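These notes concern the structure reproduced below.
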Amino acid sequence: MDTSIGVVGPHDLVDSVAAVCEEQPGVRVHRFDYDHESQATDLVTTHATGVDGWLFTGIVPYTIAQDALTRPATFVDYSGATLLQALVRLLREGRDVAHLSIDTLDSRQVTDTLAEAGVSTDDVRAMPYRPGATSEEFAAFHRRYAARRAATVAITCVASVHDELSGTIPVLRLAPLPQSVRMALRQLLLTSTNQIQEDAQVALGLVEIDPTARSESVASDLTRELGALGASLSHYSPTTSMIVTTRGPLHDATNGFTALPMLRRLGRAHETVRIGFGLGHSGAEAERLARRALSRARSHGPVAAVVSLRNDVDITLDADSASQDGAPEQSRAVVASRVGLSADTLDRLREVTTAAGDRALTTRDIADGLGIQLRTARRILQRLEMAGYAERSGNADSGTIGRPLTLYQLTI
């Protein structure tokens, strides 16, 4: 079965990116172009049910549409090779490449690329993309520098910035290389395939409610809650009920494994409500993980819910997503409990994140910052990502051969 990929970007990039994607067997491409990147959210919302994944032509539309995404998504990264291609073009046109203003790209990436090409960076200014940055801010950045340097060439990754500056100052728009498109597509196909397989995983929940409650009352209360989960209910033991569904509905009903509203409602009617969900590729595996999750839930008090996944990943679910708005110490305890880390480890992780500022982190950054092995750092990032505290934001351009490290934005 083909995988449907929606390519989102400006008119003049969507076709070229889509053409590269269509070279991949088993991929069906849908083109969604816009006049301005602010329209990306509407495109994603309108066409979400028609694709298995989204490929954005750059980080700007990807970030703008991020909150509306319900399918796996990634963006084409503009690498150092893309910038080198632009330099060659400028030199062919007789332009002076010693005076440049460059938006979106990371400052270090710009410096390293130009230095490698033997181009002085003394009169080169870069404005990296940050979430919330607007095309107006990028355009103003280029204009300010051009006002000081008459021979400056503006290099932009944003279509609307190029359109605004054209005719006023020399400007060149970067376009993604086919190699970068293929790399992003491979990553997206892997994520989409995993998502399809994961959504089909068995999700088995064991529900333990106050043993003094009448079984008819318990069954009635649980049945009312099963609609959002698309689940079936059955008897498991004299004190435990069993819920059977799949990963997809459970993921949606828990807002990405962060909160379980039914826990709050059941807690109002019963003194004891403990729920353990296990996710597995078979019923037996899901049941084993559900028993472990229920055991973990018992250690969190009379009203608690835990999701257990493979690789010893346990995620504590809030009764209400608003519960994180409490005092800082409570938030610290909630986060540590949910992702299965000690409070001390969480504090050290927050120090690493604070020291990095707005810079995205890799597994190596986490490993070096905490003094742990890369394998352990990957496991920690996996837990943070599953619990909604880490989000992939691209790949690190290491300049070496091999699979690039994934960049993560942490919100802890």
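The values are calculated or read from the model by the stated rules, or taken from the named source; none is laboratory data. Quantities reported herein were computed from a predicted structural model and do not represent experimental measurements. Note that each Cβ is placed from the backbone with ideal geometry, even for glycine, and that neighbours are counted across all protein chains shown.
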Pick out, from the stretch 126-213, the strands (runs of 3 or more DSSP E) lying fully within it that include 1 or more residues that are within 30 Å of residue 297 (Cα to Cα). 202-209
Which members of the stretch 227-248 meet the condition of being more than 21 Å from residue 216 (Cα to Cα) and surrounded by 17 or more Cβ atoms within 10 Å (Cβ to Cβ)? 245, 246, 247
Just to be sure before I move on: is residue 103 surrounded by fewer than 21 Cβ atoms within 10 Å (Cβ to Cβ), among the acidic types (Asp, Glu) and under 18 Å from residue 172 (Cα atoms) in the structure I sent? no
Of the conditions (1) surrounded by fewer than 16 Cβ atoms within 10 Å (Cβ to Cβ); (2) touching a Gly at 6+ places or on another chain (Cβ under 9 Å), residue 257 clears all except one; give me its number. (1)
Do you know which residues across the stretch 243-271 are assigned to a helix (DSSP H, G or I) and either of a type in the set (S, T, N, Q) or under 18 Å from residue 339 (Cα atoms) (or both)? 250, 251
Residue hits (the stretch 52-75; hydroxyl-bearing (Ser, Thr, Tyr), crowded, with 21+ Cβ neighbours inside 10 Å and in contact (Cβ under 8 Å) with a residue 60 or more places away in the chain) are 57, 74
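Looking at this structure, is residue 308 under 30 Å from residue 375 (Cα atoms), in contact with a helix residue (DSSP H, G or I) (Cβ under 9 Å, 6 or more places away or on another chain) and at pLDDT 85 or above?
Values: under 30 Å from residue 375 (Cα atoms): yes; in contact with a helix residue (DSSP H, G or I) (Cβ under 9 Å, 6 or more places away or on another chain): yes; at pLDDT 85 or above: yes.
When the stated conditions are applied, residue 308 passes them.
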Can we say residue 33 is touching a strand residue (DSSP E or B) at 6+ places or on another chain (Cβ under 9 Å) and either closer than 25 Å to residue 185 by Cα or part of a helix (DSSP H, G or I) (or both)? yes
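Please pick out the residue among 62, 145 that is of a type in the set (Phe, Trp, Tyr) and not assigned by TED's automatic domain parsing to the domain that holds residue 7. Break it down stepwise before answering.
Working: 62 fails: not assigned by TED's automatic domain parsing to the domain that holds residue 7.
Checking each option against the conditions leaves just 145.
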Filtered residues of the stretch 98-126 (kept if among the acidic types (Asp, Glu) and closer than 20 Å to residue 141 by Cα): 103, 106, 122, 123
The stretch 1-44, subset among the acidic types (Asp, Glu), within 13 Å of residue 57 (Cβ to Cβ) and out of contact with any His (no Cβ under 9 Å at 6 or more places or on another chain), residue surrounded by the most Cβ atoms within 10 Å (Cβ to Cβ): 37
For the stretch 361-384, does any single residue satisfy the condition of being acidic (Asp, Glu) and touching a residue at least 40 places away in the same chain (Cβ under 8 Å)? no
May I ask you to list the residues in the stretch 76-100 that are within 29 Å of the chain's Cα centre (by Cα) and crowded, with 18+ Cβ neighbours inside 10 Å? 76, 77, 78, 79, 80, 82, 83
So which of 145, 129 is in contact with a helix residue (DSSP H, G or I) (Cβ under 8 Å, 6 or more places away or on another chain) and among the aromatic types (Phe, Trp, Tyr)? 129
Residue match in the stretch 361-370 (condition: at pLDDT 85 or above, part of a loop (DSSP other than H, G, I, E, B), surrounded by 14 or more Cβ atoms within 10 Å (Cβ to Cβ) and within 22 Å of the chain's Cα centre (by Cα)): yes
Could you check the stretch 247-276 and list, in sequence order, the residues that are closer than 16 Å to residue 231 by Cα and either touching a residue at least 40 places away in the same chain (Cβ under 8 Å) or in contact with a His (Cβ under 8 Å, 6 or more places away or on another chain) (or both)? 247, 248, 249, 250, 251, 254, 260, 261, 263, 275, 276
Mind counting the residues in the stretch 257-313 that are more than 20 Å from residue 244 (Cα to Cα) and polar (S, T, N, Q)? 3
Within the stretch 155-200, of all residues that are β-branched (Val, Ile, Thr) and over 22 Å from residue 99 (Cα atoms), the one modelled with the highest pLDDT is 181
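Could you identify the single residue in 154, 184, 213 that is closer than 30 Å to residue 95 by Cβ, in contact (Cβ under 8 Å) with a residue 40 or more places away in the chain and not assigned by TED's automatic domain parsing to the domain that holds residue 88?
Only one candidate passes the filter, namely 184.
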How many of the residues making up the stretch 277-288 are within 15 Å of residue 236 (Cβ to Cβ), touching a residue at least 24 places away in the same chain (Cβ under 8 Å) and either out of contact with any Gly (no Cβ under 7 Å at 6 or more places or on another chain) or part of a helix (DSSP H, G or I) (or both)? 4
